[in-house]
Amino acid sequence: MSPFPPFASTGGLSGRLRFLGLALLYSLLVVACLWSLGAEGDLSLGRNPLANLAKTVTEFAHPSFLDVWFGDTKLEYRSDDGTVLRVENRQQVEADYLAGLARATWTTIRIATLGSLLGALLALPLAMLTARNLGAPRPLALAAKAVLDVMRSIHTLVFGLVLVGIVGLGPTAGILAIGLHSMGTYGKLFAEAVESLNMPAIHAVQSVGASRTQVFFNAVWPSVLPQFVSSHLYIWEFNIRDSTILGIIGAGGLGLLISEATSLFQWGRLATVLLVVIVLVGSFDAMSRRIRKALS
């Protein structure tokens, strides 16, 4: 017996050589990226990176929501000569900010929820056409696959930028952007779920003279529904995260607050917003796990 079983066959050796070749190509790409960025001077860390990092970490360690309880109730803003410009109650200011944060969070949830549902509804008929085992006419199948590929290739932010110019600022642009991009992912996952079906059961329904609609609702739909729901929950969770940045381009939600905090270097407020995002995504993940467990 050979002491090197993985290399015992020509196929195993050629497979390893192909893998090593791909790894070498990847390594060359990494080296080329690093070399070109270094040659262009774009790998600089800026001035005083450690001091900037320490300052940012210190401010992040004090999320602004703590000011609701511990903020200075008579914070004075003075000019260079010591003149008092205004006196601010930090506790009240931060309470008002948290109220606005709650409204922005609700907007983000609405954008992700409605956008995900829109994407799923748009993708379903296209997925039925692209599923190879359902035997849709080839021209329709190719056209549907092309639409799904295009939607999946264009980033949500790109859709958002275009749609803001069409429908204006606000959540509608975010919902449409989420829906159009998600449609491509939904279509791919839905089609793969359909292609994993037990075809003899479908052929049995077809053999008794059932129409395409009857075959779909009696044989296809009950079998793929759990996978469809699981896919919907996964993409919905992803869209919760994705929709948090759409406010940067004027689509509403938490992204607007993130943009304001970063532009004004308000790291304490950014920490508060990011904590809300983490809690939101974590809560939704726990909920979706329970739903998927109930379906299994």
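The values are calculated or read from the model by the stated rules, or taken from the named source; none is laboratory data. Every value quoted in this text rests on a predicted model; they were computed, and no experiment measured them. Counting neighbours? That spans all protein chains shown, and the Cβs are built from the backbone with ideal geometry, glycine included. Note: areas computed on protein heavy atoms with side chains; ligands, DNA, RNA excluded. Shrake-Rupley method; radii C 1.70, N 1.55, O 1.52, S 1.80 Å.
Calculate the FRET efficiency for Asp96 and Asn52 from the Cβ-Cβ distance with a Förster distance of 22 Å, rounded to the nearest 0.05. Show your work: numbers first, answer last.
Working: r = 30 Å, r/R0 = 1.36.
Given R0 = 22 Å and the Cβ-Cβ separation, E is 0.15.
Estimated from helical segments only, the mean residue ellipticity of the chain at 222 nm is -24500 deg cm²/dmol, where each DSSP H run of four or more residues counts as -39500 (n - 2.57). In percent, rounded to a whole number, the relative contact order of region 178-272 is 20, using alpha-carbon pairs under 8 Å and six or more apart. Simple spin-label estimate for Ser44 and Leu25 gives 3.6 nm between the two label positions (7 Å along the Cα-to-Cβ direction from each Cα). Applying a length cut-off of 24 Å (Cα extent along the axis) and a mean Kyte-Doolittle floor of 0.0 to the DSSP H helices of the chain leaves 10-39, 90-130, 171-195, 267-295.
Counted residue by residue at 0.36 nm each, then reduced by the alpha carbon distance between them, the extension gain from Trp69 to Ile291 reaches 76.2 nm.
Out of the total accessible area of the chain (probe 1.4 Å, heavy atoms of protein only), what percent is carbon and sulfur? Before the final figure, lay out each step's value.
Working: 12170 of 18060 Å².
Taking all protein chains in place, the chain shows 67 percent carbon and sulfur surface.
Per residue, the chain exposes an accessible area of 61 Å² to a 1.4 Å probe, with every protein chain left in place. Positive-end ranking of Val68, Gly209, Thr107 along the dipole of the chain, with charges on Cβ about the Cα centre, is headed by Gly209. Sorting Lys188, Lys293 by accessible area puts them as Lys293, Lys188; the probe is 1.4 Å, largest comes first, and only protein heavy atoms count.
Counting pairs of alpha carbon atoms under 8 Å apart in space and at least six apart in sequence, what relative contact order in percent does region 31-138 give? Walk me through the numbers before you get to the answer.
On the way: 54 pairs, mean separation 15.5, N = 108.
So the answer I get is 14 percent.
If you plug the beta carbon distance of Trp106 and Leu13 into 1/(1 + (r/R0)^6) with R0 = 51 Å, you get a FRET efficiency near 0.30. Ordering Glu59, Glu237, Glu40, Glu192 by accessible surface, largest first, gives Glu40, Glu192, Glu59, Glu237; the 1.4 Å probe counts only protein heavy atoms, with every chain in place.
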